[in-house]
Amino acid sequence: MLTMKDIKKIYRTDSIETHALRDFNLQVNEGDFVAVTGPSGSGKTTFLNIAGLLETFEEGRFELDGVDISHQNDAARSRLRNQKIGFVFQSFNLIPDLNLFDNVDVPLRYRGFSRQDRKKRIERNLEMVGLGNRMKHLPAQLSGGQQQRVAIARALAGEPRFLLADEPTGNLDSSMAQSVMALLKDINANGTTIIMVTHDAGLATQANRNIHVSDGKVSEKPMGLSPEASQ
Ligand code: ADP
Ligand code: ADP
């Protein structure tokens, strides 16, 4: 479970202060699939980066599976991140000169799994995303949708409890976007909690919770109502 209470995040550049999050409150439960929408600059990525322990915050309380994050040092946060969090990005972030097998291996190498265990995890996850027969291919030999599937396999190979996705379908055409969404729904049905930032209102309604961020704050949209367009 992930709980944020009155989180405040300020970016300071030169003499300019940007209040990216203010009084940000959210609870995400085990098994949720949360879609996050909101205008550009409203704080969605900031929220995701804090949730993923990539960024710190000024005020408030953030608990991840009962651990109070504000009292953890960098090393402890990094360890927690490696144990619990998988990331997927809009731009896939695959390494171009590594084949699919080696791309999925990258985060596993940080984590001290045995060679044999890594191989099993890589094969299982590439098969899960439908690319078990492409393990020696390079990313450039795949479509965008397939590349995002590799990125998802990489994010899941360490068996994180939370998958955080920032516009995972933003670079895909609508049919590939829908197939990536179908994959994310399967992954969620198998127990991984997902938080996905998206501009696509049609995809957002397929999640089991919708939250809207505006001006650094959350409002929850009840499901079942027609989604307001959120650019
Ligand atoms: P969104 O993801 O909703 O587009 P962001 O979380 O990226 O919004 O940004 C929220 C606000 O914080 C924006 O005003 C943005 O300009 C500012 N911001 C984000 N990252 C930084 C940064 N590294 N330095 C300074 N300001 C930032
Ligand atoms: P450490 O401080 O332990 O070296 P890193 O910041 O290198 O931690 O990131 C550890 C893990 O977090 C990575 O293996 C990766 O899964 C994830 N991660 C962090 N930042 C990024 C990023 N910008 N792109 C992709 N994954 C990231």
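The values are calculated or read from the model by the stated rules, or taken from the named source; none is laboratory data. As the structure is a computational prediction, the values presented were derived from the model and not from experiment. Cβ placement follows ideal geometry from the backbone for every residue including glycine, while neighbour counts extend to all protein chains displayed. Quick note on the areas: whole protein, heavy atoms, side chains included, nothing else; ligands and nucleic acids left out. Shrake-Rupley method; radii C 1.70, N 1.55, O 1.52, S 1.80 Å.
Some observations on this one:
- Spin-label model distance (nm) - Arg12 vs Asp117, 7 Å beyond Cα toward Cβ: 4.2
- Shape call, the stretch 153-216: gyration tensor on alpha carbons, a/c limit 1.5: oblate
- Separation of the Leu138 and Asn82 label points, Cα + 7 Å toward Cβ, nm: 3.0
- Our compactness index for the chain, the C-alpha radius of gyration over the empirical 2.2 N^0.38 Å, is 1.01.
- Within the accessible area of the stretch 75-163 (1.4 Å probe), percent carbon and sulfur: 46
- The slack between Asn29 and Asn190, meaning 0.36 nm per residue of separation minus the straight C-alpha distance, is 56.5 nm.
- Of the trypsin sites (Lys or Arg not before Pro) found in the stretch 82-125, the ones in coil according to DSSP and having at most 15 other Cβ atoms within 10 Å of their Cβ are Arg111.
- Build a GNM of the chain with springs between Cα atoms under 10 Å apart, and of Phe87, Phe113, Phe57 the one that fluctuates most is Phe113.
- Scanning residues 5 or more positions from Val218 or on other chains, those with amide H under 5 Å from its amide H are Asn25, with H placed 1.01 Å from N in the peptide plane.
- Residue by residue, the stretch 142-151 carries 3J(HN,Hα) couplings of 10, 6, x, x, 5, 4, 5, 5, 5, 4 Hz when phi is fed to the Karplus relation 6.51 cos²θ - 1.76 cosθ + 1.60 (θ = phi - 60°); x denotes Gly or Pro.
- Cα gyration tensor, the stretch 115-208 - rounded (a/c under 1.5), prolate or oblate: oblate
- Across Lys44/Lys120; Lys44/Lys119; Lys5/Lys84, pairs whose alpha-carbon gap is larger than 28 Å: Lys44/Lys120; Lys44/Lys119
- Remark: the stretch 116-215 carries 40 Å² of accessible area per residue (probe radius 1.4 Å; ligands, DNA and RNA excluded).
- Of interest is the spacing of the C-alpha centroids, which for the stretch 167-211 and the stretch 31-77 amounts to 19 Å.
- Protection proxy ranking, peptides 149-162, 61-74, average beta carbon neighbours within 10 Å, highest first: 149-162, 61-74
- Label zone at Asp97, where the point sits 7 Å out along the Cα-to-Cβ direction: the stretch 145-168 residues whose backbone N lies under 17 Å: none
- Global form of the stretch 1-122, assessed from the alpha-carbon gyration tensor, a/c cut-off 1.5: prolate
- Per-residue ellipticity at 222 nm, computed for the chain from helices alone with -39500 (n - 2.57) per DSSP H run of at least four residues, works out to -10000 deg cm²/dmol.
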